[in-house]
Amino acid sequence: MTIASPLTVDQLELIAERAAERGEPAAGAAELVAVVDDGRLTDPQDAVVALGMAAELLFQADDLAGSLALTDRALDARRAHGSAPEFAQIFRAQLLFRLDRADEAMAELTPLRPLLTSDPDAATEIAEALLAGGRGETAHEWLTAAVHEARATLPETDDLDEAGELATAIVAALVIERHEVRHELGLPHDSFDEMAEELAVAAEEEQRAELTAALTEPVVFFSAAEFDRLAERLPAAAESCGPTWDAHRADIEQVLAMGAEAGITTARGIVAGSADELVALWEHAEDATVDDVIYDYADELDGRGPHIAWPPARNDACWCGSGAKYKKCCLPRSRRAS
Ligand SMILES: [Zn+2]
Ligand SMILES: [Zn+2]
């Protein structure tokens, strides 16, 4: 895939995602490194992101030494921009463990231990690195100490301010990760593990509620011709709904399929949109973003109808209007990558 330069972070992500989905992570990494080397970035500071993604891809490709080299480059780039390299360092430690360089890995990781009580994302990353080095006991020890320390900072009240919310998120992340590590080590449940399981149930319920909410919103669908027209007249809207027509169809199919799988029957209506109508709304919108306008347009169409029925029978014409059978068109898109 070739994208005209310069590239944004979104486009870098697309390169990485597509390479991973094609099962060609090493090729994706090479492509990302080439973007950096050729200076084809919208913002030169994104080199850190590109190199970090490339390192992840080489890790997936089992090229640990290559992944380490790119992680070092990403860390250098971060330091050059004056930002803290912490999370890339955790990843670096994991690579060192896997490369049987345990002493260096521990030297990298130990100074990062305070992250456990300051960043809710640290627990999983640090535990993963330690487990990669067969250091489950150390992970357990660090997480347990951090849970006690973090719990001491929890506010007394239920009325949480920003700091209180952060403290709560940190304790939750630690307790959940510690629970995983304890299972890994074959340890019996303790009271923190009970808490971890309650938190897991609550998180699942929240996810379900979010999915339900998303599924009750109407969604506007643009036919192939309308999508092309939209890309021409209001590229930002096509980008937001796509960025390609295939991605647009896949996105709608995926959400509806996810809802059906979860047994959520409040399926949102698919309504067919017109590019010209959307552009007219956009031209009259004062302070709205493109996404706001698309949202309002979907709402308006939802009231006006008609709706596109979903799902069609497997051998019937696809809902997207391609003329192909559903089973050969959008049905597989919910499984395939967009
Ligand atoms: Zn358990
Ligand atoms: Zn289709």
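The values are calculated or read from the model by the stated rules, or taken from the named source; none is laboratory data. Remember, predicted model here, so these are calculated numbers, not experimental data. A quick note on method: Cβ atoms are made from the backbone with ideal geometry, for glycine too, and the neighbour counts reach across all protein chains shown. Heavy atoms of the whole protein, side chains included, go into the accessibility calculation; ligands, DNA and RNA do not. Shrake-Rupley method; radii C 1.70, N 1.55, O 1.52, S 1.80 Å.
What are the DSSP H helices in the chain that stretch 30 Å or more along their long axis, judged by alpha-carbon atoms, and whose average Kyte-Doolittle hydropathy comes to at least -1.0?
Numbers: long enough: 162-184 (33 Å, 0.18); 191-216 (38 Å, -0.20).
Answer set is 162-184, 191-216.
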With labels modelled as points extended 7 Å from the Cα through the Cβ direction, what inter-label distance (nm, one decimal) is found for Ala272 paired with Ala26? 4.8
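What order do you get for 24-32, 134-142 when each peptide is scored by the mean count of other beta carbon atoms within 10 Å, highest first?
Details: 24-32: 20.6, 134-142: 17.1.
Those peptides, ordered most packed to least, come out 24-32, 134-142.
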Under-5 Å amide H pairs with Asp119, H placed in peptide plane, nonlocal only: none
Protein accessible area in the stretch 27-115, 1.4 Å probe - carbon and sulfur %: 51
Residues with amide H under 5 Å from that of Gly269, placed H, sequence gap 5 or more: Val219
Expressed as a whole percentage, what fraction of the accessible surface of the stretch 217-334 belongs to carbon and sulfur atoms when a 1.4 Å probe is rolled over the protein heavy atoms? 50
At 1.4 Å probe size, what's the solvent-accessible area of Val201? Round to the nearest 10 Å². 80
Given a 1.4 angstrom probe, what's the average accessible area per residue across the chain, in square angstrom? 53
Expected output is a single nm value to one decimal: the length gained when fully extending between Glu198 and Glu232, i.e. 0.36 nm times separation in residues minus the C-alpha distance. What is it? 7.3 nm
Separation of the Asp100 and Asp10 label points, Cα + 7 Å toward Cβ, nm: 4.6
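Compute the length gained on full extension between Thr110 and Thr212: take 0.36 nm times their separation in residues and subtract their Cα-Cα distance, giving the result in nm to one decimal.
Working: separation 102, 0.36 × 102 = 36.72 nm, distance 4.23 nm.
So the chain would gain 32.5 nm between Thr110 and Thr212.
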How much of Glu232 can a 1.4 Å solvent probe reach, expressed as accessible area in Å² and rounded to 10? 140
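Would you please name the GluC sites (Glu not before Pro) within the stretch 267-308 that are DSSP coil residues with at most 10 other C-beta atoms within 10 Å of their C-beta? It would help to have the intermediate numbers written out before the result.
Numbers: sites: Glu277, Glu283, Glu286, Glu300; in loops: Glu286.
Passing both the DSSP loop test and the Cβ count: Glu286.
For the stretch 217-334, what is the charge dipole size about the Cα centre, in debye to the nearest 20, if Lys and Arg each add +1 at the Cβ and Asp and Glu each add -1 at the Cβ? Could you put the intermediate results ahead of the total?
Working: 10 positive and 21 negative charges, 205 e Å.
In total the dipole reaches around 980 debye.
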Long-range HN-HN contacts of Leu7 with modeled amide H, under 5 Å: Leu41, Thr42
How large is Rg/Rh for the chain, to two decimals, with Cα atoms and a Kirkwood Rh? 1.02
Using +1 at the Cβ of each Lys and Arg and -1 at the Cβ of each Asp and Glu in the stretch 9-212, identify which of His183, Thr168, Leu57 lies farthest towards the dipole's positive end. Leu57
Alpha carbon centre of the stretch 181-208 versus the stretch 72-90: separation in Å? 33
In whole angstrom, note down how far apart the Cα centers of the stretch 237-308 and the stretch 111-132 are. 40
Descending accessible area (1.4 Å probe), largest on the left, turns Tyr295, Tyr326 into Tyr295, Tyr326
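Accessible area, 1.4 Å probe, largest first: how do Met195, Met258 sort?
Details: Met195 55, Met258 100 Å².
Result of the area sort, largest leading: Met258, Met195.
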Report the charge-dipole magnitude of the chain in Debye, nearest 20, computed about the Cα centre from +1 at each Lys and Arg Cβ and -1 at each Asp and Glu Cβ. 1620
